[in-house]
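Peer 1: Quick one: the structure is below, questions incoming.
The values are calculated or read from the model by the stated rules, or taken from the named source; none is laboratory data. Quick caveat: nothing in here was measured; it's all calculated off a predicted structure. FYI the Cβ positions are ideal-geometry reconstructions off the backbone, even for glycines, and counts take in every protein chain you see.
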Amino acid sequence: MTRNLWILALVAFAASSPAGAAALKFASLAPEGTSWMKQMHLLADELAAATERRVTLKLYPGGVAGDERDVLRKIRMGQLHGAGFTGNGLGEILPAARVFDAPFLFHTIAEYDSVLITVTDTLQALFRDKGYEMAGWASVGWVHLFSKNPIATVDDLKKARAWVWETDPLASALFAKIGISPIPLPLPQVLTSLQTGVVDAAYISPSAAVSLQWFTRVKYMTDLPLTHSTGAVVVADEFLRKLSPEDRATTLRLFRHHLQTLEPIIREEERRSLEVLAAEGIVPVPVAPEDAAAFSAVGDELRRDLADKLYPGWLLAMVEDRLAQLRAAE
């Protein structure tokens, strides 16, 4: 009887997994239960149905596959096949992508959206040259300073024990330009470090501050965003080449569809997160116009410094030309 049950189980497995089936192993820092992961589960169900289980999506949420650098190493080794990356992780593949994360670059979400449309095809081609298909954008949102002491000026920031993502050259360059020595740590260590006082200031989006619980270890949020952080999903072309043309097209189409569906959800989640932070007693710190101008001046100078070092100067010019057009039309 036991042997018969075992045989039946093998038959059932074979029926549910067609010959030549491909499992796309996909990692994300987003914790299970977040809007991001809920959308990925919907994608997984729809992808399996649309390809009759020839392509399935195996999810590794919440950083279980490691930090973004770990994930990228595993993709290159073939242990994973794709991931949702923040701008920091995208920059490990294609440093040019970091132009979107340049501090104090965008004034409004409309500017961000328009510039993204302008340069998407260019960046898509650059990712393909690196062996990856960019399956769609997934913005992280406006990034603010969260701190134990109010930060309203450049001088306030200089006094802080500020965290920097240990693999983030852009944030490190910003702090160096301001004249402070940040404390480099992996992302998973930030919450504990805020609790113990190793750091007393960190930068993150409001929704991530809520989902990662960083807000429980700080008191203030600086009203002026540092940047609007970009994210995207990339899939290794080595994996996609193993699929039939039809299944490859279906996989990419469904990724793009679900990421487009996710974007307004993320923005609404950011609005609700601000309400949660206010209810939890996080105090917004206003930044005076003259101090905002001082921060912006640092950003302007930093962008010039990093042109042709972190990202191509011609790409920065493309972005800034589009911004100039938009602002001239206001």
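Peer 1: For region 127-169, what are the residues that are at pLDDT 95 or above, hydrophobic (A, V, I, L, M, F, W, C) and either surrounded by fewer than 18 Cβ atoms within 10 Å (Cβ to Cβ) or assigned to a loop (DSSP other than H, G, I, E, B) (or both)?
Peer 2: I151, A152, V154, A160
Peer 1: Another one. So which residues in region 220-278 are β-branched (V, I, T) and either part of a helix (DSSP H, G or I) or over 21 Å from the mean Cα position of the chain (by Cα) (or both)? Can you show your working first?
Peer 2: Just the residues of region 220-278 that are β-branched (V, I, T), to begin with: 222, 227, 230, 233-235, 250-251, 261, 265-266, 276.
Within region 220-278, T250, T251, T261, I265, I266, V276 qualify.
Peer 1: For region 170-179, enumerate the residues that are crowded, with 22+ Cβ neighbours inside 10 Å and more than 24 Å from Q195 (Cα to Cα).
Peer 2: L170, L174
Peer 1: Would you point out the residue of region 242-255, among those that are free of Cβ contacts under 8 Å to residues at least 24 places away in the same chain and not hydrophobic (A, V, I, L, M, F, W, C), that is surrounded by the fewest Cβ atoms within 10 Å (Cβ to Cβ)?
Peer 2: P245
Peer 1: Write out, first by first residue and then by second, each pair whose Cβ atoms fall under 7 Å of each other, whose residues are 6+ apart or on separate chains, and whose first residue, in region 58-85, is on the phi < 0 side of the Ramachandran plot while the second is of a type in the set (D, E) and assigned to a helix (DSSP H, G or I).
Peer 2: What qualifies is E68/E92; R69/E92; L72/E92; F85/E68.
Peer 1: Let me ask something additional. Yes or no: region 283-292 includes at least one residue that is loosely packed, with under 12 Cβ neighbours inside 10 Å and either more than 30 Å from Q213 (Cα to Cα) or in contact with a Pro (Cβ under 7 Å, 6 or more places away or on another chain) (or both).
Peer 2: yes
Peer 1: Confirm whether A44 is within 26 Å of A249 (Cα to Cα), assigned to a helix (DSSP H, G or I), within 17 Å of the chain's Cα centre (by Cα) and of a type outside the set (K, R).
Peer 2: no
Peer 1: I'd like the full set of residues that are surrounded by fewer than 18 Cβ atoms within 10 Å (Cβ to Cβ), over 27 Å from D70 (Cα atoms) and either without any contact (Cβ under 8 Å) to a residue 24 or more places away in the chain or among the β-branched types (V, I, T) (or both), limited to region 112-121.
Peer 2: D113, I117, T118, D121
Peer 1: Kindly evaluate V210 against the criterion of being at pLDDT below 95, in a helix (DSSP H, G or I), among the β-branched types (V, I, T) and out of contact with any Asp or Glu (no Cβ under 8 Å at 6 or more places or on another chain).
Peer 2: Against the criterion (at pLDDT below 95, in a helix (DSSP H, G or I), among the β-branched types (V, I, T) and out of contact with any Asp or Glu (no Cβ under 8 Å at 6 or more places or on another chain)), V210 qualifies.
Peer 1: For region 280-289, check the following and say yes or no: at least one residue is more than 27 Å from V71 (Cβ to Cβ) and in a helix (DSSP H, G or I).
Peer 2: Scanning region 280-289 turns up at least one residue that is more than 27 Å from V71 (Cβ to Cβ) and in a helix (DSSP H, G or I).
Peer 1: Inspect all residues belonging to region 58-70 and state whether any of them is among the hydroxyl-bearing types (S, T, Y), farther than 30 Å from L316 by Cβ and assigned to a helix (DSSP H, G or I). Reasoning before the result, please.
Peer 2: Step one: filter region 58-70 for residues among the hydroxyl-bearing types (S, T, Y), giving 60.
Adding the requirement that they be farther than 30 Å from L316 by Cβ leaves 60.
Now narrow it down to the ones that are assigned to a helix (DSSP H, G or I): none.
Checked against the condition, which is being among the hydroxyl-bearing types (S, T, Y), farther than 30 Å from L316 by Cβ and assigned to a helix (DSSP H, G or I), region 58-70 yields no hits at all.
Yes/no matrix, rows are residues, columns are (1) surrounded by fewer than 22 Cβ atoms within 10 Å (Cβ to Cβ); (2) out of contact with any helix residue (DSSP H, G or I) (no Cβ under 6 Å at 6 or more places or on another chain); (3) at pLDDT below 95; (4) farther than 27 Å from I109 by Cβ:
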| position | (1), (2), (3), (4) |
| --- | --- |
| Y203 | no, yes, no, no |
| D237 | yes, yes, no, yes |
| H257 | yes, yes, no, no |
| I265 | yes, no, yes, no |
| E270 | yes, no, yes, no |
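Peer 1: Another one. State all residues of region 170-196 that are without any contact (Cβ under 8 Å) to a residue 24 or more places away in the chain, in contact with a Ser or Thr (Cβ under 9 Å, 6 or more places away or on another chain) and assigned to a helix (DSSP H, G or I); if no residue qualifies, say none. Steps first, answer last, please.
Peer 2: Within region 170-196, the subset without any contact (Cβ under 8 Å) to a residue 24 or more places away in the chain is 172, 175-176, 179-185, 189, 192, 195-196.
Retained after the next criterion (residues that are in contact with a Ser or Thr (Cβ under 9 Å, 6 or more places away or on another chain)): 175, 182-185, 195.
Once the filter is applied, which keeps residues that are without any contact (Cβ under 8 Å) to a residue 24 or more places away in the chain, in contact with a Ser or Thr (Cβ under 9 Å, 6 or more places away or on another chain) and assigned to a helix (DSSP H, G or I), region 170-196 yields F175, Q195.
Peer 1: Considering (1) surrounded by fewer than 16 Cβ atoms within 10 Å (Cβ to Cβ); (2) of a type in the set (K, R); (3) assigned to a helix (DSSP H, G or I), say which one K74 fails and leave the rest.
Peer 2: The one condition K74 does not meet is (1).
Peer 1: Please determine, by comparing only the residues of region 77-111 that are surrounded by fewer than 22 Cβ atoms within 10 Å (Cβ to Cβ) and touching an Asp or Glu at 6+ places or on another chain (Cβ under 8 Å), which one is farthest from A22 (Cα to Cα).
Peer 2: In this case the residue turns out to be F104.
Peer 1: On the basis of being surrounded by 14 or more Cβ atoms within 10 Å (Cβ to Cβ), modelled with pLDDT of 95 or more and under 23 Å from A209 (Cα atoms), does A278 make the cut?
Peer 2: Judged against the criteria, A278 is not a match.
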